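Please read the structure below before turning to the comments.
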Amino acid sequence: MYLAFPGGAIEPLYNALARSERRGGVRAVVARHETGAAFMADGYARNTGKLGVCCSTTGPGATNMITGVASAYENNVPMLVITAQTAISTFGKGAIQDSSCTGINTVGLYQHCTRYNTLISHAAQFEHKLATAIMSAMGSPAGPAHISVPRDVMAKGSPNPAKYQLDKLLDRPALLDSDAVDQLYQELSNAQKPVFIIGDEACDAIGSILSLVVATGAELIVTPQGKGLVSPYHPQFKGVFGFAGHSAAREVLLDSSVDLVVAIGARFGEFSSNAWDTETLLNGKLVHVESTEANLTRTPMARLHVRGCIGTVFDRIIEKFGIDDAHYIRAVKAKNDDSEVGFERHFKFDDEKGYLSDATPIKPQRLMRDLPKLFPGHTRFLVDTGNSLAWGTHYLHPFDRRFSGKREQRGGLFSASVDFASMGWAIGSAIGTALACRTTPVVCITGDGSWLMSGQELTVAIEEKLSVVFVILNDSAYGMVKHGQTLTGAEPTASQLAKVDFCAVAKAMGAEAFIVNSPAELNALDIKSICKKVGPTLLDVRIDANEKPPIGLRTNVLQSG
């Protein structure tokens, strides 16, 4: 499956895709904008563990796609990016959409947001460079790999096709630092009050990590990126640390009796480190476990770095502690009244009042409270950059019972793209998620500002018959900008948007849509039918525009800078 956008220069690839589709093979899903194609490939990769693929024609097609590629680069999402070039014979002659080294050099533009980046100048290079690109994209760190192919080279095909065994090339040994693992075991054995911090790159090991958390009695917090990996109703979960996080999580780390903090698969940029918080996190209590070496450069003050495949590290630790499934089940039962764990939060929100409010217009906190109640328990929620991210991170908690070591879902029930923070990411990524998980309900929570940038991708969901529900927080403003200006004392400017009836727009495109003003209207929707519907649904939610989102961390950084 290619998330793609066509054009004359890339026509030979589309000819091949058309032939492939006729025989039941790989096909193209055509986005409405090249950035949307990259976001869709991002969502597909996150939810399958496979390579996401996106492509574009030359010139503006390639430049349009860069934002989505850069987002995948910052979030270590494996992606193969294919762009076209005009024919080599036209380089430097002023050909339409020339993006060669003598035109708008797109290979040069992609240099700083890819793991591998090359122009294929001869057909004989194609097989080897393609294999190298795929290996680089799936490497450590993972990320986008870019190949740019002139039209005439693309049309020729490989003269001597090599027989690469990609499955074996991508099967890397699970290496680890045995001495560091032994030290981690000793640290955990000696700790009186440990705390675990989970980042998104811990996904492959989360079952073993949670078993260890239960067995050791450790308290558990997550970064905004890692939120989807842990049930918010886990008896040891104390909330999100960092942007839009919970005071309860920071208080856990401030507890003077905490003697060990184990961070796993966390990149610790601004949002996940609580703006580089040395009082609570970046200090000598920290042990950082990572498979991506670059992440360890953010924590040189840690008492211990443990390098290696995170799954292998924690399998080894579990073995050393003698923990098995039976041990895990006994531990969970001991912490709860019965084997069916109830949905009880073990941490507080910073504002419980708005979360419980019945007011009209609906408060964003209340919206986040009700969405998981209305949708099936296995629904995937994606939140977009802006106020959607802040409200979702703090208040949206899916009813996730997955406390055990067995995990079928890679990214969990909650996903966000934090580091590059591209507006519109959730719109495209929700479509990619739905393409990867066709039997799973997918909910995209986005703002009206993001929708005005990327909402045309709704028509892809219509065309592909994807049951995605798009929830627009409609406050006729760039909400984070507006509230950020208020909180920092900046001039109130350039944040207002025209009032738009997104319900009417969606219906004109061919989707089902509803306007929601109040909790009562939201709860009156027939969500069961909406989830069974073939095709997308849009909810135009008119939220209380005066509610201030939990973005204090971001505004404090802006003021200090």
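What follows is calculated from the coordinates using simple rules that are stated; it is not laboratory data. These numbers come from a predicted model, not from an experiment. Because the Cβ atoms are built from the backbone with ideal geometry, glycine has one as well, and the counts that use them run over all protein chains shown.
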Given charges at Cβ of Lys, Arg, Asp, Glu: the chain dipole, positive-most of M453, N517, L558 | M453
Round to a whole angstrom and tell me the spacing of the C-alpha centers of region 98-167 and region 512-561.
-> 41 Å
Going highest first, how would you order 356-363, 59-66 by mean Cβ packing within 10 Å?
-> 59-66, 356-363
Report, by chain and number, residues whose modeled amide H sits under 5 Å from the one on V262, excluding near sequence neighbours (fewer than 5 apart, same chain).
-> V195, F196, I197, V287
Pairwise FRET efficiency - A155 versus E319, Cβ, R0 = 60 Å, nearest 0.05 | 0.65
Inter-label distance, nm, simple model (7 Å from Cα along the C-beta direction), A494/A359 | 3.0 nm
Hey, for a label at A18 modelled as a point 7 Å past Cα toward Cβ, could you say which residues of region 147-172 have their backbone N under 18 Å away?
-> 151-152, 154-157
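Please label the shape of region 2-159 as rounded, prolate or oblate, based on the square roots a ≥ b ≥ c of the eigenvalues of the alpha-carbon gyration tensor (a/c under 1.5 means rounded; beyond that, a/b larger than b/c means prolate, else oblate). Mind showing how you got there, number by number?
Numbers: a/c = 1.45, a/b = 1.24, b/c = 1.17.
Rounded shape, in that the Cα axes give a/c under 1.5.
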Separation of the S257 and E270 label points, Cα + 7 Å toward Cβ, nm = 3.7 nm
Which is farthest toward the positive dipole end of the chain among G25, F196, S148, measuring Cα position about the Cα centre, with Cβ charges +1 (Lys, Arg) and -1 (Asp, Glu)?
-> G25
With a point put 7 Å past each Cα toward its Cβ, work out how far E11 is from F399 in nm, to one decimal.
-> 5.5 nm
For H346 and I96, FRET efficiency with R0 = 51 Å and r from the beta-carbon atoms, rounded to 0.05?
-> 0.25
